[in-house]
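In what follows, a single structure is set out as structure tokens and then discussed.
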Amino acid sequence: MIDIIYLNAAKQERLEHFENYNEFVRAQQACWINVPDYCKVVRVTINGHVLDFQGQYGELYHYLLKQDLTAYLEKA
């Protein structure tokens, strides 16, 4: 499960939720996300583990691609 808390244009916290990492990747690649790239990410959690990410929503996908997430992802 991936939860992304970000600030919208009005500086209000919003939550974007994905059931798993593959769903997140699919949504990014297919541009199914309605969150503007410029929104500041407040917190990212993967299966309850908080990641050390600071940046904009548009940078998150590439950040996660470069990380070793095996410790955070559930084993099938």
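Given a cut-off of 19 Å, what percent of all Cα-Cα pairs of the chain lie beyond it? Intermediate results must be reported in sequence, preceding the final value.
Working: 801 of 2850 pairs.
Roughly 28 percent, once rounded to a whole number.
Could you work out [θ]222 nm for the chain from helices alone, using -39500 (n - 2.57) per DSSP H run of at least four and dividing by all its residues? Round to the nearest 500 deg cm²/dmol.
Working: 2 runs with 18 residues, N = 76.
The helix-only estimate for the chain comes to -6500 deg cm²/dmol at 222 nm.
For segment 7-55, what is the accessible area per residue in Å² when the probe is 1.4 Å?
On a per-residue basis, segment 7-55 sits at 69 Å².
How large, in percent, is the carbon and sulfur part of the accessible surface of the chain at a probe radius of 1.4 Å?
Details: 2480 of 5210 Å².
Ligands and nucleic acids excluded, carbon and sulfur give 48 percent.
Suppose a student asked you for the relative contact order of the chain, using Cα pairs under 8 Å spaced at least 6 residues apart; what percent would you report?
Values: 105 pairs, mean separation 23.0, N = 76.
30 percent.
Once the convex hull of the C-alpha atoms of segment 36-75 is built, how many Å³ does it hold per residue, rounded to a whole number? Intermediate results must be reported in sequence, preceding the final value.
On the way: hull volume 2.9 nm³, N = 40.
Hull volume over Cα atoms, normalised by residue count, gives 72 Å³.
The values are calculated or read from the model by the stated rules, or taken from the named source; none is laboratory data. Because the structure is a prediction, the values reported are computed rather than measured. Areas reflect the complete protein model, heavy atoms only, side chains present, ligands, DNA and RNA absent. Shrake-Rupley method; radii C 1.70, N 1.55, O 1.52, S 1.80 Å.
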